[in-house]
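Here's the structure we're looking at; comments come further down.
The values are calculated or read from the model by the stated rules, or taken from the named source; none is laboratory data. Bear in mind that the values here come from a model prediction, so they are computed numbers and not experimental data. Glycine also receives a Cβ, built like all others from the backbone with ideal geometry; neighbour counts cover every protein chain displayed. Remember, those area values only see protein heavy atoms, side chains included, never the ligands or the DNA or RNA. Shrake-Rupley method; radii C 1.70, N 1.55, O 1.52, S 1.80 Å.
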Amino acid sequence: MLIAFFISLFVFMFLSVPIAFSLGLSTVIGVLMHDTLPLEIIPQRIFVSLNSFPLMAIPFFILAGNIMGAGSMSKRLVNFATSLVGHFTGGLAMVAIVTSMFFAAISGSGAATTAAIGSILIPAMIAKGYKIEYAAANQAVAGALGIIIPPSIAMILYGVAAEVSIGDLFIAGILPGLLITFSLLVSALIIAKKNGYVGEEKKDFPHIFKAFKEAILAILMPVIVLGGIYSGVFTPTEASVVAVAYSVFIGVFIYRDLTIAKLGQVFKESAVNSSVIMLVIGAAGAFGFFIGINSVPDMIYGSISSFVTNKYVFLIMVNIILFVAGMFLEGGAAILILVPLLLGTALNLGIDPVHFGIIMVCNLAIGLVTPPVGIDLFVVAKLTNVSIMRIARFAIPLILILIVDVLIITFVPALSTWLPSLIK
């Protein structure tokens, strides 16, 4: 039964059946072959999986990010980042990274961050003499910060699947996100010096202050959201609603660049994106229930513990699994599939579940820029009309940097656990 269950899952995925239907259909096959389970259990488990208050944060954070992206918010963030780092060698590449970090704290999505910032900065980089492939690769990798810097949709999914505090995950992602941002800035400087990419004219303090004033309302949103969560004023789900209300108010009444027509389009796109994620969550819930009642996680732990007794060896193995999974699965789907399979073993080996979640999210961020399913690569390929494989070749050095960062995050748990423990 279990062999047929897993084989059918891989066959459906190989045939490019959408992941939600691959999970759902393989679960139907498993239930049909089970001795006692009725088929009615599947819609029941789908409903139970979706009937979760924390999950309501996902559509609201998606909506808030899309509202911010539809207005002038991303352009204001670009101007501010340019005033700060644009004068360095490779300044525009650095601006793309810094702005992506800022926008990641608004959108929670890698693809949204890549699209919003890339549409502005990739043409600007090309106009300044950057190779089009490098400009695209730099933005794609910088966009991966979208699921690492809180608030992160991937962290919400992990928090729900692993029953871990989403607030703890959000704050745990801050230092790893800053580490990855800094390493990408260093790489941009080195690559720029090698290729002769010069910086912009250095801005004086009045110019920097003016750019800061124009961007301050965008920068304040993550401060309000995260500050409200950690101060206990509201939950992560309530924070997502606050983010939507804040972004609508700023876009309509302060910046006045959001029209009713624009808002209607944003609501439509957000509803479609949210529904896709919810389909995956529901199907993954039924999938997780089926493997749970058949003791698959216990089997995996028994198999692993027979030859892996050291948690660091296990973490190396997990990193390899996640890296490969990220190449073929969308990050959210990978989390929902792998958490039920791997978390039990991690807990039995004494690995902190918050730390394990950050390891998963950072690994799957690499998946955003690795073929064949790297979503960020598809976004920049569409923006530049350059093939994914040409962009991927220029992304290889940056991916290697991300891998080193993930290994540091893996083997230095304090990067993920220190801030949450400090607040508690």
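Observations
- Rounded if a/c under 1.5, otherwise prolate or oblate - segment 187-284, Cα gyration tensor axes: prolate
- Ranked by the mean number of other Cβ atoms within 10 Å of their residues, highest first, the peptides 103-112, 76-85 fall in the order 103-112, 76-85.
- Selection from 343, 394, 415 lying farthest towards where the dipole of segment 317-424 points positive, charges on Cβ: 394
- Computed on protein heavy atoms with a 1.4 Å probe, the accessible areas place 29, 335 in the order 29, 335, largest first.
- Taking the C-alpha atoms only, the angle from helix 236-249 to the longest principal axis of the chain is near 30 degrees.
- Size estimate for segment 156-221 follows the Kirkwood approach: the inverse of mean 1/r over distinct Cα pairs works out to 15.6 Å.
- In this structure residue 253 has an accessible area near 130 Å², from a 1.4 Å probe over the protein heavy atoms.
- For segment 98-182, the C-alpha radius of gyration sits at 1.19 times the compact-globule guess of 2.2 N^0.38 Å, with N the residue count.
- The distance between label points at residue 253 and residue 10 comes to 5.7 nm (points 7 Å beyond Cα on the Cα→Cβ vector).
- The average projected area of segment 235-386, computed from the convex hull of its Cα atoms over all directions, is 12.2 nm².
- The percentage of C-alpha pairs in segment 377-424 whose separation is greater than 17 Å is 56%.
- On the beta carbon distance between residue 53 and residue 178, with R0 = 41 Å, the FRET formula returns roughly 0.85.
- Note on residue 408/residue 39: beta-carbon distance plugged into 1/(1 + (r/R0)^6) with R0 of 41 Å gives a FRET efficiency of 0.30.
- Computed over the chain with a Gaussian network model linking Cα atoms closer than 10 Å, the most mobile of 212, 411, 378 is 411.
- Derived scalar couplings ³J(HN,Hα) [segment 100-110; Karplus, 6.51 cos²θ - 1.76 cosθ + 1.60; whole Hz; x for Gly, Pro]: 5, 5, 4, 5, 4, 6, 10, 8, x, 9, x
- Backbone HN-Hα couplings from phi across segment 75-89 [Karplus 6.51/-1.76/1.60, Hz, Gly and Pro as x]: 5, 5, 5, 4, 4, 5, 5, 4, 5, 7, 10, x, 7, 6, 4
- P(r) weight above 20 Å for segment 22-141, C-alpha pairs, percent: 56 percent
- Cα-only Debye scattering, segment 304-424: base-10 log of I(q)/I(0) at q = 0.17, 0.23 Å⁻¹: -0.87, -1.29
- Phi to ³J(HN,Hα) by Karplus 6.51 cos²θ - 1.76 cosθ + 1.60 over segment 41-51, Hz, x for Gly, Pro: 5, 5, x, 4, 5, 4, 5, 4, 5, 8, 7
- Between 0 and 90°, nearest 10: helix 311-328 axis offset from the chain longest Cα axis: 70 degrees
- Restraint check, 193/213; 75/382; 75/193; 131/262; 193/382, Cα-Cα greater than 22 Å: 193/213; 75/193; 131/262; 193/382
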